[in-house]
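Step one of this worksheet: look at the structure below.
The values are calculated or read from the model by the stated rules, or taken from the named source; none is laboratory data. Everything quoted here is computed from the prediction, not taken from an experiment. Note that we place each Cβ from the backbone using ideal geometry, even for glycine, and neighbour counts take in every protein chain shown.
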Amino acid sequence: MDSKRILVTGGCGFIGSNFIHHMRASFPHRIVNLDKLTYAGNLENLKGIDDQPGYSFVRGDIAETSDLESIFDKGVDLVINFAAESHVDRSIIDPDAFVKTNIYGTYRLLEQARKSGIEKFLQVSTDEVYGSLGTTGKFREDTAMAPNSPYSASKASADMLVMAYHKTFGLPVCITRCSNNYGPYQFPEKLIPLLITNAMEGRDLPIYGDGMNVRDWIHVKDHCAAIAIVAEKGKAGEIYNIGAENERTNMEIVELILEIMGKPRELIKYVKDRPGHDRRYAIDNTKIRDQLGFEITVPFKTGMEETIRWYVENRPWWERIKTGEYLQYYHRWYGQR
Ligand code: NAD
Ligand code: TDX
């Protein structure tokens with residue numbers, strides 16, 4: 001790939017920061033990271049990159065035209081939109097920010113890209129837009145969307161806007177729909193880091209309902225590699241599913257974590273189910289494998305061992321989040337600027 005100017009939105013979150021690490025290690029592109037720094041955005045995730053030439057950080061909101069204009073005025077070749085409210089449980093408590101960022105924010109970004117002209121707009125979406133599967137079958141790119149939570153409905157709405165901008169205005173877009181990610185820098189509200197960090201603290205490991213819901217887990221490194229491939233080779237107007245063919249029940253996940261960490265089963269606590277809890281997700285990744293040459297590189301057990309080691313070795317990272325110290329730090333540091 002030639003050197004490009006890439007706008008990465010939401011680059012201080014879990015997948016966005018892993019993606020920036022991946023790109024800086026592999027490609028010569030200039031990256032502008034636009035992030036609002038919500039509770040999920042953490043500048044620490046980019047330590048070591050923040051002062052590199054060719055990388056810049058802008059604190060701002062994808063839903064604010066003025067924040068976007070100041071970046072697009074300097075030229076943008078490629079937009080990769082990670083910015084989102086991403087936690088299903090929070091969308092059940094208060095969907096407001098989900099509608100604002102995931103739908104309206106994506107719309108503003110599309111409008112800016114359309115006005116400024118770009119080579120490609122890559123929307124990072126999710127398999128949750130397809131809804132829930134029974135015991136058989138897999139999501140294909142032509143599976144109809146049937147979202148069940150405010151989060152997945154907001155992501156599905158954004159996907160429809162993205163595709164409409166392609167059909168109506170000819171904007172060169174691609175959409176990726178990935179399954180559940182795990183790996184370093186994941187906010188400890190999500191299942192895997194929540195279980196690991198609670199186990200380290202000797203706290204209960206909450207499992208919703210009967211624990212038999214199925215997710216198709218992929219290491220974040222493989223997701224980031226797939227996004228880079230779609231950014232380079234994806235055809236405009238196309239959707240690409242991303243998954244690792246790695247279906248596990250939540251019980252299998254908690255048991256594996258307990259086994260690797262050498263912790264007792266007694267820590268498991270069944271709790272009241274999530275309302276509208278999707279039963280099963282499974283991705284058919286034939287299209288991205290056959291058409292773009294994507295391959296999975298991280299075996300699940302190895303990926304989980306590495307991830308657990310990362311949380312053990314980076315205890316201050318998640319302790320600051322769990323004690324709220326990061327937020328206090330943030331207000332102290334930025335409050336007077
Ligand atoms: P995350 O919650 O860890 O990070 C989201 C980032 O976006 C944060 O840094 C936050 O500060 C930023 N942000 C939020 N609102 C913003 C706004 N209005 N303007 C600018 N920045 C804003 O999320 P994640 O898990 O890294 O997910 C990234 C993307 O990937 C999301 O679009 C999500 O829907 C999608 N996705 C996630 C998974 C998963 O398993 N985590 C799987 C498939 C797809
Ligand atoms: O405490 C918990 N106990 C529990 O049993 C939590 C937090 C979750 N769960 C269950 C719910 C799901 O079946 O574990 C499974 C995974 O839950 P989450 O980590 O909340 O992920 P999920 O709801 O599947 O959504 C994730 O994957 C798709 C991401 O959060 C989304 O951003 C992504 O789009």
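Summary table below
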item	result
Given (1) more than 30 Å from W310 (Cβ to Cβ); (2) without any contact (Cβ under 8 Å) to a residue 40 or more places away in the chain, index of the condition I103 fails	(2)
Test: residue in segment 275-287 that is closer than 19 Å to G137 by Cβ, modelled with pLDDT of 95 or more and hydroxyl-bearing (S, T, Y)	yes
For I227: the one exception among (1) of a type outside the set (D, E, K, R); (2) under 30 Å from P316 (Cβ atoms); (3) buried (at least 22 other Cβ atoms within 10 Å of the Cβ); (4) within 13 Å of ligand 2 (Cβ to nearest atom)	(4)
Neighbours by Cβ (under 8 Å, 6+ apart or cross-chain): first from segment 21-46, among the small types (G, A, S); second more than 16 Å from ligand 2 (Cβ to nearest atom) and in a helix (DSSP H, G or I)	S26/A228
Selection count where residues are more than 16 Å from ligand 1 (Cβ to nearest atom), closer than 25 Å to G10 by Cβ and assigned to a helix (DSSP H, G or I), scope segment 168-209	1
Selected residue [part of a loop (DSSP other than H, G, I, E, B) and surrounded by 20 or more Cβ atoms within 10 Å (Cβ to Cβ)] from S86, S152	S86
Residue satisfying all of: in segment 210-263; outside any loop (DSSP other than H, G, I, E, B) and of a type in the set (D, E); farthest from C174 (Cα to Cα) among these	E259
Selection count where residues are away from ligand 1 (no atom under 13 Å from the Cβ), aliphatic (A, V, I, L, M) and at pLDDT 95 or above, scope segment 63-113	4
Failed item in (1) buried (at least 22 other Cβ atoms within 10 Å of the Cβ); (2) at pLDDT below 95, with P53 passing the rest	(1)
Qualifying residue in segment 67-76 (condition: surrounded by 20 or more Cβ atoms within 10 Å (Cβ to Cβ), within 16 Å of ligand 2 (Cβ to nearest atom) and within 19 Å of Y107 (Cβ to Cβ))	no
Number of positions in segment 54-83 that are touching a helix residue (DSSP H, G or I) at 6+ places or on another chain (Cβ under 9 Å), farther than 20 Å from V124 by Cα and part of a loop (DSSP other than H, G, I, E, B)	3
Conditions (1) within 15 Å of ligand 2 (Cβ to nearest atom); (2) farther than 30 Å from E266 by Cβ; (3) surrounded by fewer than 23 Cβ atoms within 10 Å (Cβ to Cβ); (4) not aliphatic (A, V, I, L, M); number of the one not met by C178	(3)
Which numbered condition G134 fails, given (1) under 26 Å from T168 (Cβ atoms); (2) within 16 Å of ligand 2 (Cβ to nearest atom); (3) part of a loop (DSSP other than H, G, I, E, B)	(1)
